[in-house]
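The values are calculated or read from the model by the stated rules, or taken from the named source; none is laboratory data. Just so it is clear, the structure is predicted and the values come from calculations on it, not from any experiment. When we count neighbours, we look across all protein chains shown, and the Cβ atoms used for this are built from the backbone with ideal geometry, even at glycine. Ligands, DNA and RNA are excluded from the accessible area calculation, which covers all protein heavy atoms including side chains. Shrake-Rupley method; radii C 1.70, N 1.55, O 1.52, S 1.80 Å.
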Number of protein chains: 2
Amino acid sequence: MDVPSEMKALLLVGDGYTRMPSASALEAMEPYVQPGVIAVPVPGQSQVLIKVGLASINPSDVAFIKGQYGQPRVKGQPAGFEGVGTVVASGDEPYPKSLIGKRVAFATGVSNWGSWAEYAVAEAVVCIPLLDTVRDEDGAAMIVNPLTALAMFDIVKQEGEKAFIMTAGASQLCKLIAGLAREEGYRPIVTVRRDEQIPLLKEMGAAHVLNEKTADFKATLREVIKAEQPRIFLDAVTGPLASAIFDAMPKRSRWIVYGRLDPDTTVIREPGQLIFQHKRIEGFWLSEWMRQFRDRRGPAIMEAQKRFSDGRWSTDVTAVVPLAEAMAKVPAELAKPNGKVFIKP
Amino acid sequence: MDVPSEMKALLLVGDGYTRMPSASALEAMEPYVQPGVIAVPVPGQSQVLIKVGLASINPSDVAFIKGQYGQPRVKGQPAGFEGVGTVVASGDEPYPKSLIGKRVAFATGVSNWGSWAEYAVAEAVVCIPLLDTVRDEDGAAMIVNPLTALAMFDIVKQEGEKAFIMTAGASQLCKLIAGLAREEGYRPIVTVRRDEQIPLLKEMGAAHVLNEKTADFKATLREVIKAEQPRIFLDAVTGPLASAIFDAMPKRSRWIVYGRLDPDTTVIREPGQLIFQHKRIEGFWLSEWMRQFRDRRGPAIMEAQKRFSDGRWSTDVTAVVPLAEAMAKVPAELAKPNGKVFIKP
């Protein structure tokens, strides 16, 4: 296929990690990415070149461009961990070659050539050839959130207790998990920051939805925990809210941190609970999960495609922003609650 | 044997748990225990009555009498988790009966009839008949510290890294672990609060001894961690010292809390390390370990007796205080560094 020599992209301004961590919200694009024109990258032996159809924006992308994510930035390279598009070129290996012409969901965490660009490079093994029944909006958001949802719900199921707790309940990820939970008779207890998010989350499968901003939040939290005895806490927030939840949870509870939306100090309120109540604090990272549980990646991908195809899952779209308008429009769109923002090259 | 109907004991003043946690040091006995005369307890079916020869004072005893330990206090019962003595009566079961007349090390965590008394009740299964070669001072301190040392060093060995970190390095427990580590070629990195503790700990097996009160402590700590790559952190302290140590440790490190000597706030400095570096925070409690690993209890007890018999282990004695003088003398003796304080009924 005809591939130009240059392309437009949103390029990283910073290098490595930041020394001054800031809040998780994206106040503006300019300090972190700038539009530019660079050479279209050439895929390596095991890689493919993808003409990007739609790129998604995840909380991990925002953390990454700010230099607050687990991977270091490379100044001048395109940002963007995930997208959907058509494979237009490949390395010499048979599997990458076999993908040419196919529509794929892709992740760029390993190749480090981001999706916020007209073309992106990804390892062929982290491309998912899509069924025609999967929409572009679902394909562009198929890896980071859906696989994380399936992997973290797997942890809940292994623990055995029907009830579990999630912060940032209105996120796409939590909605996906709530849906999985409802199907299998589990009881998610979720926290949100706006009353208007409550009815939708209850409909999606949450057993209890607690507004953390209300005066009786802590009393209600303790009542619900006493009644439901949740042992798994999937936490995207940290800070004082998460500390209070973990403190109120019963013996043998596990606080599993996968996000850091609140930059405030995170305190272990009663370290004695670690000793005498056998409570634990750990983390979850999809890359680590895929490394440790290689055999579970394939089935999880199939499960995600089926769910998006038959409508059990569907990505809520807040906005699809053209690449040329991304610098000006993305921060305001991201600030809206509930849905996902995409960049269209 | 001739057992009187009444006995002298140090009796718990408080009930349940405290609402106002205080420092780990024992500033005075009066707020927590009072001398008294009560009926000699009658052992249940599976229990024995022991004429106490010597009772030990562990940090867990101090936490317990203050209402800051994992078990609730029962007002008016004797304190004391551990001791040595002679079995003078028993319940009807064969095993307790078989112990009559024997000198045993015993623990009272299950029976809740403490050792700071002329007579104590213990479950027969938590009595250890002692070899004649084991001194009373070692028998009275055989369970809490030695078994904890063997159990926690087992965690270090399973992890595989030769280097590991311990706070409160001058404690009896850490000295026991340092000795085990030296024998098997492991490299403990320990923190202390006085320079004069350094030479002894180095001699006992510590690879590095760091004084946490010195100005260059944090720089030295980072250097040592970089060179040794310890992954296990056995922590008796919590608070800012422990937070700083965990923060400086490498990927996949485990912060294992078994004590709470510093009542100051305990912060997770970088929750992102839990996610991206797979670091974890958990606790250790001997009772929990014995519950989970029943098969390892017997061999650990044999190992402890052998070590005390052949002199590889020996309990440092700060003072043996007569029961009648305990109220006045124990706090000052406990404040002395390095050794163990006993009560002699």
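Per-structure values
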item: Nearest-first distances (nm) between copies at A:Ser22, label 7 Å from Cα via Cβ; result: 4.9
item: In Å², nearest 10: area of A:Ser24 left accessible to a 1.4 Å probe; result: 50 Å²
item: Per-residue mean of C-beta atoms belonging to partner chains within 10 Å, peptide B:136-146; result: 0
item: Nearest-ten-degree value, helix B:144-159 long axis tilted from longest Cα axis of chain B; result: 30 degrees
item: Position B:Ile38, label points 7 Å along Cα→Cβ, spacing to each other copy in nm (shortest first, one decimal); result: 7.4
item: Accessible surface, per residue, of the stretch A:1-133 when the full set of protein chains is kept, probe 1.4 Å, Å²; result: 43 Å²
item: Neighbourhood charge, 13 Å Cβ-Cβ cut-off, centred on B:Val40 and excluding it, Lys, Arg +1 and Asp, Glu -1; result: -1
item: Angle in degrees between helix A:172-183 and the longest Cα principal axis of chain A, rounded to the nearest 10; result: 60 degrees
item: Per-copy distances of the A:Asp316 label point, shortest first, in nm (7 angstrom along Cα→Cβ); result: 6.1
item: Charge context of B:Phe246, other residues only, Cβ under 12 angstrom, K/R +1, D/E -1; result: +1
item: Over chain A, relative contact order from alpha-carbon pairs under 8 Å, at least 6 apart, %; result: 17 percent
item: Residues of the stretch A:215-253 buried by at least 20 Å² on assembly (accessible area, 1.4 Å probe, chain alone as reference); result: A:Arg252
item: Exposure ranking of A:Glu212, B:Glu30 by accessible area [1.4 Å probe, largest first]; result: B:Glu30, A:Glu212
item: The protein assembly as shown - percent of accessible surface contributed by carbon and sulfur, probe 1.4 Å; result: 52 percent
item: Rounded Å value of the spacing that divides the Cα centres of the stretch B:260-332 and the stretch A:276-291; result: 25 Å
item: Residue-normalised accessible area of the stretch A:267-340, expressed per residue, 1.4 Å probe, Å²; result: 48 Å²
item: Most to least accessible of A:Arg294, A:Arg222, A:Arg231, B:Arg296 (protein chains only, probe 1.4 Å); result: A:Arg294, A:Arg222, B:Arg296, A:Arg231
item: The stretch B:41-136: trypsin sites (Lys or Arg not before Pro) falling in loop per DSSP and having at most 12 other Cβ within 10 Å; result: B:Lys75
item: Theoretical ellipticity at 222 nm over chain B - DSSP helices of four or more residues, -39500 (n - 2.57) apiece, nearest 500; result: -9000 deg cm²/dmol
item: Centre separation in Å (Cα based) which lies between the stretch B:107-162 and the stretch A:31-74; result: 58 Å
item: Chains B and A together, accessible area buried on both sides, 1.4 angstrom probe, square angstrom; result: 2400 Å²
item: With all protein chains modelled, accessible area of B:Glu137 [1.4 Å, Å²]; result: 50 Å²
